[in-house]
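Have a look at the structure below before the remarks.
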Amino acid sequence: RLLARARELMVSNGYAANACEAFAANLVGDGIKPSSLIEDADTRERVQRLWLAWTDEADADGLTDFYGLQAMVAREMFVAGECFVRLRPRRAEDGLSVPLQLQLQLLQAEMLPFEKTGMAANGNRIRCGIEFDAIGRRVAYHFRRRHPGDSTDQGQTIPETVRVPAADVLHVYRPIDAGQIRG
């Protein structure tokens with residue numbers, strides 16, 4: 001409920017929206033732009049061209065580029081306190097222009113259900129949608145297949161979840177308290 005109110009505030013209150021945009025602009029700026037240390041100039045130039053080509057295709061949803069994704073993550077951090085980035089491997093036949101066959105999919109906090117808590121079939125513990133092994137390492141995230149607020153969902157109230165290995169997920173949040181597992 002609190003997250004829904006925060007999202008509504010971003011839409012209905014200009015001050016909140018401006019604060020969010022200022023936060024994103026200050027956090028990300030022009031975006032993370034790697035600088036190669038390759039000594040051979042031709043190889044360095046070729047790697048740079050491949051990087052720039054990949055940044056144009058980085059968004060699995062095809063809405064923006066790598067730099068736009070960074071700004072979206074920053075805005076999501078401001079509103080929800082966390083954002084999830086799912087690494088989506090692609091096949092060579094998917095036609096991406098760069099040999100790095102990977103795209104990034106952003107998932108809002110609502111996609112990982114806070115109420116999903118209990119024991120997994122494999123004996124691991126699930127807390128707030130995050131699966132932990134016996135020694136407390138994150139091993140998986142249990143994401144909803146569809147956004148719970150999707151008005152085109154034909155009345156289904158609780159979208160089912162899918163288990164995604166933790167190695168395929170970047171959980172971006174700022175832990176403030178010891179033991180904090182969500183943003």
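The values are calculated or read from the model by the stated rules, or taken from the named source; none is laboratory data. Note that the structure is a prediction, hence the values are computed from the model and not measured. When we count neighbours, we look across all protein chains shown, and the Cβ atoms used for this are built from the backbone with ideal geometry, even at glycine. With ligands, DNA and RNA removed, areas are computed over all heavy atoms of the protein, side chains included. Shrake-Rupley method; radii C 1.70, N 1.55, O 1.52, S 1.80 Å.
Mind checking which pairs have a first residue in the range 53-73 that is over 15 Å from Asp94 (Cα atoms) and a second that is part of a helix (DSSP H, G or I) and among the hydroxyl-bearing types (Ser, Thr, Tyr), Cβ under 6 Å, 6 or more apart or different chains? Cβ pairs passing all conditions: Asp65/Thr55; Phe66/Thr55. Considered as a group, the residues in the range 1-39 that are assigned to a helix (DSSP H, G or I) and in contact with a Phe, Trp or Tyr (Cβ under 7 Å, 6 or more places away or on another chain) include one that is nearest to Trp51 (Cα to Cα), and that residue is Ala24. Looking only at residues in the range 108-139 that are open to solvent by 20 Å² or more (accessible area, probe 1.4 Å), assigned to a strand (DSSP E or B) and aliphatic (A, V, I, L, M), which one is farthest from Arg86 (Cα to Cα)? Out of the qualifying residues, it is Met119. Close contacts from the range 169-182, counting a first residue that is open to solvent by 30 Å² or more (accessible area, probe 1.4 Å) and a second that is in a strand (DSSP E or B), with Cβ to Cβ under 6 Å and a gap of 6+ residues or different chains, come to Leu170/Val85; His171/Phe84; Val172/Cys83; Tyr173/Glu82.
Selection of the range 99-134 for residues being in contact with a Gly (Cβ under 9 Å, 6 or more places away or on another chain) and aromatic (Phe, Trp, Tyr) yields only Phe114.
When the range 76-107 is filtered for residues that are under 25 Å from Arg127 (Cα atoms) and open to solvent by 70 Å² or more (accessible area, probe 1.4 Å), only Phe78 remains. Considering only residues that are under 22 Å from Arg86 (Cα atoms) and of a type outside the set (Lys, Arg), look in the range 1-29 and name the one that is least open to solvent (accessible area, probe 1.4 Å). Step by step, filter the range 1-29, then rank; the result is Ala24.
Selection of the range 1-39 for residues being small (Gly, Ala, Ser) and closer than 19 Å to Tyr67 by Cα yields Ala22, Ala24, Ala25, Gly29, Gly31, Ser35, Ser36. Mind checking whether some residue in the range 156-163 is at pLDDT 95 or above, over 18 Å from Leu3 (Cβ atoms), over 22 Å from the mean Cα position of the chain (by Cα) and open to solvent by 70 Å² or more (accessible area, probe 1.4 Å)? No: the range 156-163 contains no residue that is at pLDDT 95 or above, over 18 Å from Leu3 (Cβ atoms), over 22 Å from the mean Cα position of the chain (by Cα) and open to solvent by 70 Å² or more (accessible area, probe 1.4 Å). In the set (1) open to solvent by 30 Å² or more (accessible area, probe 1.4 Å); (2) closer than 20 Å to Gln108 by Cβ, the condition left unmet by Glu45 is number (2). Of the candidates Phe84, Phe78, the single residue that is part of a strand (DSSP E or B) and within 25 Å of Cys128 (Cβ to Cβ) is Phe84.
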